[in-house]
Each structure stands twice: as structure tokens, then as C-alpha cells.
């Protein structure tokens, strides 16, 4: 079964969103074309409660991007984004969602720092993705989404560590800082991952 995992395809990462990612407006068109060539499409979405530990608003006198220690780990604070139940947490408005069969939630606990599509940090809660792949004998995973340097890269590296073949779709993965993109791809390929461009899929 040819499986595509979408990460962070949500309104708050689009232009005007709380964590806008450069180029995200054009990503939707690319992803919508990709949906047609996969047998299964699953998604990992951010779904953070309003009292989440990483939100600067929950720490008096703190600002987004300031770094504080949470559970012994330096953690950059964020503006509130993808709050569970909010418009910003919904799928991107023009994304074709009909083929998405299952959604896994990242950061759904107040102390669960979104780390990857598999696990949260801090409170190491499983999202259920690993169990889904194992139950359905999925040994190869194509990945698209954002942000590349955070949850997308962590997901790819964790999947490789589990013995899953990983293929990143280069033009369907966006970074908060595009200058880091090629370095991230080199790191993932150095661990055995692969990448292709969307035009190569049919």
C-alpha cells in the first residue's frame, strides 16, 4: 500500500496564520495533486490546548521565541497556534481532505511538546501513528508537510530508526527557514532516507 503522511497542513501555517511558513500558499496545490497517486493518505495535525506549556501567553512576562527550561530541556516559547478547536487548527481551507482516512494529533496534552508525528516530547505520549503503521504492515512512508526543520525531520528520522523506508517529497516539504532546507535533507539522507520531487510521482 502506497501511503502518504501529511504533517501540519493547517491554517495557522498559511499566510496570515500564527506561524506562517514562506511558500505555504503554493504548497496546497502541490499536495492536492499528490493525493491522487496514493492508496492511503493520513495526517498528523497540531492540536494544542490553550494552556499549553510552550505558549508564551501562559508564562507571565515572557515573549514568543524566548527560551525557558521545561522538564530540564531548553524550549523556545511560541505564539499561540493550532489551538484545539480553533480555526487555525483546521486543515488548510483549499486542501482536499476527502481522501485523508486518519488524523493523528500532536501536542494534545498541555505538557506534551510536539516533537514528531509519532511522539510528543516532555510527556512522551504516542500519537498512535506507529501502531497504525504496524497494524497495517506499512513499511514505506512518503512524507509531505511543514515545518521541515522541526516535526517533519523528526518524524522522518524516527521512522528510519523504526526500520521504515522514508521518502520525503522535496517540493512538498516547507521550512520556517528555507536556507536550512538542503542541510536538513542531507541529514535525513545520511540516515538512509530518500527524497523525490512531486513530478516524479504518478
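Both numbers refer to the Cα atoms of the stretch 120-202; Rg and Dmax are 12.9, 40 Å.
Label zone (residue 139, point 7 Å along Cα-to-C-beta; backbone nitrogen cut-off 12 Å) within the stretch 29-47: none. Using a cut-off of under 16 Å, list every residue of the stretch 155-180 whose amide N is near the label point 7 Å from the Cα of residue 33 along the Cα-to-beta-carbon line. 169-174, by backbone N distance to the label point.
Comparing the chain with the 2.2 N^0.38 Å rule of thumb, its C-alpha radius of gyration ratio is 0.97 (two decimals).
If the segment from residue 51 to residue 202 were pulled out straight at 0.36 nm per residue, it would be longer than the present Cα-Cα gap by 50.0 nm. Sorting 69, 105, 40 by the number of Cβ atoms found within 10 Å of their own Cβ, with the fewest placed first, yields 69, 40, 105. The label-point distance for residue 131 and residue 59, in a model that sets each label 7 Å from Cα toward Cβ, rounds to 3.2 nm. Taking the Cα centre of each part, how many Å lie between the stretch 181-202 and the stretch 1-65? What the calculation gives is 20 Å, centre to centre.
At what distance in nm do the modelled label points of residue 87 and residue 181 sit from each other, each positioned 7 Å from its Cα along Cα→Cβ? In this crude label model, residue 87 to residue 181 measures out at 2.9 nm.
Restricting to bridges with both residues inside the chain, how much of the DSSP beta-bridge set is antiparallel, in percent to the nearest 5?
Of the beta bridges lying entirely in the chain, close to 25 percent run antiparallel.
Under the criterion of Cα pairs below 8 Å and six or more residues apart, the relative contact order for the chain equals 23 percent.
Each eigenvalue of the Cα gyration tensor of the stretch 9-49, multiplied by 5 and square-rooted, gives one semi-axis; in descending order these are 21, 15, 5 Å. Once both axes come from the Cα atoms, what is the angle between helix 181-190 and the longest principal axis of the chain, in degrees from 0 to 90, rounded to 10? The answer is roughly 60 degrees. Express in whole angstrom the spacing between the alpha-carbon centres of the stretch 157-175 and the stretch 78-141. Each part reduced to its Cα centre gives a spacing of 15 Å. For the chain, the longest principal axis of the C-alpha atoms and the axis of helix 24-34 are separated by about 30°. When the Cα atoms of the stretch 52-164 are aligned to their principal axes, the ranges along those axes come out at 48, 34, 22 Å in descending order.
Overall, the ratio between the Cα radius of gyration of the stretch 1-91 and 2.2 N^0.38 Å, rounded to two decimals, is 1.28.
All of the numbers you see were taken from the coordinates with simple rules; none came from a lab. Bear in mind the structure is a predicted one, so any value in this text is a computation, not a measurement. When we count neighbours, we look across all protein chains shown, and the Cβ atoms used for this are built from the backbone with ideal geometry, even at glycine.
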